[in-house]
Amino acid sequence: MNNVDKQLLKEVTDTSEYSKVDVYNIRKNGKSIERKVNDYINIVSKEDGSGIDVYVKENTLFGIVHIPVIITESGLTDVVYNDFHIGKNSNVIILAGCGIHNDHHQDSEHDGIHRFYLEEGSKVKYVEKHYGEGSGTGNKTLNPTTEIYMKKGSSMNMDSVQIKGVDHTERITKAELEEDTTLVISEKIMTAGSQYAKTDFEVSLNGKNASTHVTSRSVATDHSYQEFSSNMVGNTKCYAHVECDAIIQEQASVKAIPEIYAKDVDANLIHEAAIGKIAGEQLMKLMSLGLSEKEAEEAIIQGFLK
């Protein structure tokens with residue numbers, strides 16, 4: 001790997017020293033280039049070359065898996081299917097993400113389809129970061145799809161972040177929850193220029209006492225556009241809470257489309273949405289401490305996206 005590769009890896013997984021990582025699979029320009037496994041977590045390439053299967057054995061505790069993707073080839077469209085089979089009563093952290101470096105005029109795109117199968121009592125922390133850079137005029141497009149299937153007593157915490165530099169993204173997350181499951185999703189997105197970002201959450205709460213909490217925080221600046229939609233379906237006694245908060249600046253626009261569908265008298269479903277500019281009193285308070293207006297805006301945005 002060259003210096004550009006290492007920098008992209010650091011942006012999306014906070015590390016470039018993979019010799020110190022226990023389990024990982026690095027994909028570059030449509031191909032796996034490095035891999036390491038251990039006795040508890042195995043990574044197997046799909047026979048058709050379209051992606052990988054990650055197998056976590058039962059009762060595996062504190063396993064950490066890195067599966068970053070980097071693209072440095074302009075004009076490439078990369079599609080990958082990664083399946084995660086999480087064994088009963090295991091507890092793992094999965095660090096994913098994609099970085100695109102594009103210095104040319106052709107578009108570069110990565111479409112990652114990740115499917116999670118959580119067995120009973122298993123726990124997953126899933127962190128996904130997306131990042132784009134480069135001096136070229138070609139678009140940097142990232143379209144992640146996440147499918148989550150949760151068996152009784154399992155839990156998953158998903159943290160999805162679009163750092164910067166992504167010109168176009170359509171993000172789809174679908175989940176099916178069985179009895180006594182918990183799904184927590186946190187999404188953070190920032191767009192600028194003429195960038196476009198659309199996210200779509202679909203969660204079916206099928207088992208008793210299933211619960212989900214989805215939080216989306218975003219900042220749209222310049223002429224960028226963002227769209228957030230959610231569809232929560234409660235089929236039994238369950239709980240769902242969706243929060244969509246956005247800061248809008250300049251000529252940007254943000255649309256929120258909430259949908260909640262209770263199919264049982266004991267389904268408790270809540271949706272909250274707030275879109276607006278930075279409050280003047282917030283700016284004045286920080287500016288009174290000596291910050292310029294621009295510095296105060298940046299401080300508010302960074303705090304909002306934490």
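The values are calculated or read from the model by the stated rules, or taken from the named source; none is laboratory data. Nothing here was measured: the structure is a model prediction, and the numbers come from that model. All Cβ positions, even for glycine, are placed from backbone atoms using ideal geometry, and neighbour counts span all protein chains on display. These accessible areas exclude ligands, DNA and RNA; they are computed on the full protein's heavy atoms, side chains included. Shrake-Rupley method; radii C 1.70, N 1.55, O 1.52, S 1.80 Å.
Listed here are the residues, each with its yes/no results for (1) touching a helix residue (DSSP H, G or I) at 6+ places or on another chain (Cβ under 7 Å); (2) among the hydroxyl-bearing types (Ser, Thr, Tyr).
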| site | (1), (2) |
| --- | --- |
| MET232 | no, no |
| CYS238 | no, no |
| ASP245 | no, no |
| SER253 | no, yes |
| TYR261 | no, yes |
| ILE270 | no, no |
| ALA274 | no, no |
| LEU286 | yes, no |
| SER292 | no, yes |
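No other residue among GLU34, GLU58 is of a type in the set (D, E, K, R) and either under 28 Å from GLY134 (Cβ atoms) or assigned to a helix (DSSP H, G or I) (or both) apart from GLU34. Scanning the range 100-119 for residues that are more than 15 Å from SER160 (Cβ to Cβ), buried (at least 19 other Cβ atoms within 10 Å of the Cβ) and either under 14 Å from the mean Cα position of the chain (by Cα) or among the β-branched types (Val, Ile, Thr) (or both) gives a single hit, ILE100.
Applying the criterion of being in a strand (DSSP E or B) and of a type in the set (Gly, Ala, Ser) to the residues of the range 120-156, the residue that is most open to solvent (accessible area, probe 1.4 Å) is SER155. Answer with yes or no whether GLU176 is assigned to a strand (DSSP E or B), of a type outside the set (Val, Ile, Thr), closer than 14 Å to HIS213 by Cα and open to solvent by 10 Å² or more (accessible area, probe 1.4 Å). Yes: the conditions hold for GLU176.
Matching residues to (1) among the hydroxyl-bearing types (Ser, Thr, Tyr); (2) at pLDDT 90 or above; (3) within 24 Å of the chain's Cα centre (by Cα):
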{"site": "SER253", "(1), (2), (3)": "yes, yes, yes"}
{"site": "PRO258", "(1), (2), (3)": "no, no, yes"}
{"site": "LYS263", "(1), (2), (3)": "no, yes, no"}
{"site": "ASN268", "(1), (2), (3)": "no, yes, no"}
{"site": "GLU272", "(1), (2), (3)": "no, yes, yes"}
{"site": "LEU283", "(1), (2), (3)": "no, no, no"}
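Only a single item in (1) of a type in the set (A, V, I, L, M); (2) touching a Ser or Thr at 6+ places or on another chain (Cβ under 9 Å); (3) closer than 23 Å to THR141 by Cα; (4) crowded, with 19+ Cβ neighbours inside 10 Å is not met by VAL4, and it is number (4). May I ask you to verify whether LYS57 is within 18 Å of GLY121 (Cα to Cα) and open to solvent by 20 Å² or more (accessible area, probe 1.4 Å)? Judged against the criteria, LYS57 is a match.
Being β-branched (Val, Ile, Thr) and either crowded, with 17+ Cβ neighbours inside 10 Å or out of contact with any strand residue (DSSP E or B) (no Cβ under 9 Å at 6 or more places or on another chain) (or both) is not true of THR215. When GLY49 is tested against (1) part of a loop (DSSP other than H, G, I, E, B); (2) open to solvent by less than 20 Å² (accessible area, probe 1.4 Å), only condition (2) is not met.
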